[in-house]
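To keep things clear, I will list the structure first and then write my remarks on it.
The values are calculated or read from the model by the stated rules, or taken from the named source; none is laboratory data. Predicted model, so just to flag it, every value in this text is computed and none were measured. Ideal geometry is used to build each Cβ from the backbone, glycine not excepted, and the neighbour counts take in all protein chains shown.
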Amino acid sequence: MERILPLELVGYKELEYDLLDENGDLVVQKGEQLTASILMKLSYMKLYKHEHKPVYTLEEKQREEGINLPDSLIAESSTEHLLGDTRDFLQKAYDGVPIKLDDCIKSAKIIIEEVAQAIDNIDSINQLRVYDEYTYSHNINVSSLSTAVGMYMNMSENEIKELALAAFLHDIGKMKVPKEILNKPGKLDITELEIMRRHTSLGYRYIKENFDVPDRIARVALDHHEKFVGKGYPNGLHGKMINRYAQIASVVDIYDALVSDRVYKKGIPAGKVIHIMKTELRNEFNEEVFDKFISLAVSKKDAEIPEESGNSGEPPSQEAI
């Protein structure tokens, strides 16, 4: 049996495999509707499945629905290794099991090597992303895209290593958010949103208590939802008070979150996301960092803005990422 996290189930309307408890007994049968009440019940259980992978991957589903995804230039073997390590890494954090820093450094090293090999050959910025369940791919993608931006900014080799690791760890605090909030399929209310926001300070504390890394690496978990003009969280920092690596991670964090399918929304086309970020969100970022990100994106095919690229309603905010 393969152990899974309950949050892997969030976003699916029905179960695609038999779900078992730690004794191997059937908990939910394949094909059952995953209602909010069932998800809440499962969030407190240790769960297992027989299949190593879901019947359909996210990429297969998107292609089946006619969504044109560019082929990732991250090697398939590296993608499988990274996703497997990320699943293990998050599961251990979720369970309170010690995590080896060397394993995280190894993943960051793979990301750096893959980005370095691919960055000069991409037609689309999304070719530096991997496609899988958002919970796992997001950590890899934020690290990968942050690394690419760092390379465009001519950061030193050591800075790139620190940035890749810090971005890979940036959301670890979400594993310490109460299960009923983390797994909620609907929109969070004000109280729940405030609790979710604590993932930044929880992540920072986790890294400081468990890993022997410089504070500048740990602070990415704390600062990645701060805004360059202020009014971000948790501390309302502004300008260069915000950790330098976090200034990079915050840009790609929003990009990856907006283009990805989430439990409460479909992903937005990449060109439209770039347009929204340029017209409505750019003041939230360090101008130099944002310009480097855009220079990486706008020369690529996925930065071509579709004709119907207007954004109605409230602009996306880091609070919802």
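The figures follow:
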item	result
One residue from ASP253, ASP261 being in contact (Cβ under 8 Å) with a residue 40 or more places away in the chain and under 22 Å from ASP291 (Cβ atoms)	ASP253
Meets criteria (in the same structural domain as TYR131 (by TED's automatic domain parsing), within 28 Å of ILE99 (Cα to Cα) and out of contact with any strand residue (DSSP E or B) (no Cβ under 9 Å at 6 or more places or on another chain)) for ALA270	no
Failed item in (1) touching a residue at least 24 places away in the same chain (Cβ under 8 Å); (2) surrounded by fewer than 22 Cβ atoms within 10 Å (Cβ to Cβ), with SER156 passing the rest	(1)
Close pairs (9 angstrom Cβ cut-off, 6 or more residues apart or separate chains): without any contact (Cβ under 8 Å) to a residue 40 or more places away in the chain and more than 16 Å from ASP171 (Cα to Cα) in segment 79-102, β-branched (Val, Ile, Thr) and in a helix (DSSP H, G or I) anywhere	HIS81/ILE110
Those residues of segment 159-182 which are under 14 Å from the mean Cα position of the chain (by Cα) and without any contact (Cβ under 8 Å) to a residue 40 or more places away in the chain, in sequence order	LYS174
Search result, residues across segment 126-142 that are farther than 17 Å from ASP88 by Cα and in contact with a Phe, Trp or Tyr (Cβ under 8 Å, 6 or more places away or on another chain)	VAL142
Any chance VAL115 is out of contact with any Ser or Thr (no Cβ under 6 Å at 6 or more places or on another chain), assigned to a helix (DSSP H, G or I) and at pLDDT 85 or above	no
Some residue of segment 136-143 being buried (at least 24 other Cβ atoms within 10 Å of the Cβ), among the aliphatic types (A, V, I, L, M) and assigned by TED's automatic domain parsing to the domain that holds ASP102	yes
Candidates ILE74, ILE67, ILE4 - the one that is modelled with pLDDT under 75, surrounded by 14 or more Cβ atoms within 10 Å (Cβ to Cβ), of a type in the set (Val, Ile, Thr) and within 22 Å of TYR131 (Cβ to Cβ)	ILE4
Odd one out for ALA167, checked against (1) in a loop (DSSP other than H, G, I, E, B); (2) under 15 Å from ILE105 (Cα atoms)	(1)
Looking only at segment 255-272, and only at residues there that are over 16 Å from ILE140 (Cβ atoms) and aliphatic (A, V, I, L, M), the one that is modelled with the lowest pLDDT	VAL263
Hits in segment 210-250 (condition: touching a His at 6+ places or on another chain (Cβ under 9 Å) and without any contact (Cβ under 8 Å) to a residue 12 or more places away in the chain)	GLY230, LYS231
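Yes/no per residue for (1) basic (Lys, Arg); (2) surrounded by fewer than 24 Cβ atoms within 10 Å (Cβ to Cβ); (3) at pLDDT below 95; (4) not assigned by TED's automatic domain parsing to the domain that holds PHE290:
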site: ILE105; (1), (2), (3), (4): no, yes, no, no
site: ILE111; (1), (2), (3), (4): no, no, no, no
site: ARG129; (1), (2), (3), (4): yes, no, yes, no
site: LEU145; (1), (2), (3), (4): no, no, no, no
site: GLY150; (1), (2), (3), (4): no, no, no, no
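Every residue, every condition in (1) in the same structural domain as ASN141 (by TED's automatic domain parsing); (2) crowded, with 23+ Cβ neighbours inside 10 Å; (3) in a loop (DSSP other than H, G, I, E, B), yes or no:
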position: GLY173; (1), (2), (3): yes, yes, no
position: LYS187; (1), (2), (3): yes, no, yes
position: LEU193; (1), (2), (3): yes, no, no
position: ARG205; (1), (2), (3): yes, no, no
position: ASP212; (1), (2), (3): yes, no, yes
position: GLU226; (1), (2), (3): yes, yes, yes
position: GLY230; (1), (2), (3): yes, no, yes
position: ALA249; (1), (2), (3): yes, yes, no
